[in-house]
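S.K.: Let me begin by handing over the structure; questions about it come next.
Readers should treat all values here as calculations from the given coordinates under stated rules, not as data from a laboratory. Computed from a predicted structure; not experimentally measured. With ideal geometry, Cβ positions are generated from the backbone for all residues, glycine too; neighbour counts draw on all protein chains shown.
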Amino acid sequence: MKPQRVLIGNLPGFSHSHDIFPQAGICSVAGRLGLDRGMMDALLPTLYHGYPILGYRGRFDPEKAFHLIEKYAVRNTFLFRPR
């Protein structure tokens, strides 16, 4: 468990790794949000800035991922290869 101040320290790295996040019209998508990486590298920074995040329950499927990215005009992603 990490203190809340860790999020504030994480925000500059998150912002710069996503082309100066946030920008207008952004929807983010993240895989495996329950993991510590998913929380700190996707969910909490996106919500901190007040932007929506798209999550998907189920096993990773590349076709489904591309469909959702196109359908919801996702600009930023936090995806990694499942085990």
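S.K.: Once the piece of chain linking Phe60 and Ser17 is laid out straight, how much longer is it, given 0.36 nm per residue of separation minus the C-alpha distance between them? Intermediate values should be presented prior to the final figure.
M.R.: Numbers: separation 43, 0.36 × 43 = 15.48 nm, distance 2.31 nm.
Once the chain is fully extended between Phe60 and Ser17, it gains 13.2 nm.
S.K.: What ranking do 59-71, 40-52, 9-21 get when scored by the average of other Cβ atoms within 10 Å per residue, highest first?
M.R.: Packing proxy ranking, top to bottom: 40-52, 9-21, 59-71.
S.K.: For Asn10 and Leu68, compute 0.36 nm times the residue count separating them, minus their Cα-Cα distance, and round to one decimal in nm.
M.R.: Working it through step by step, the gained length comes to 18.2 nm.
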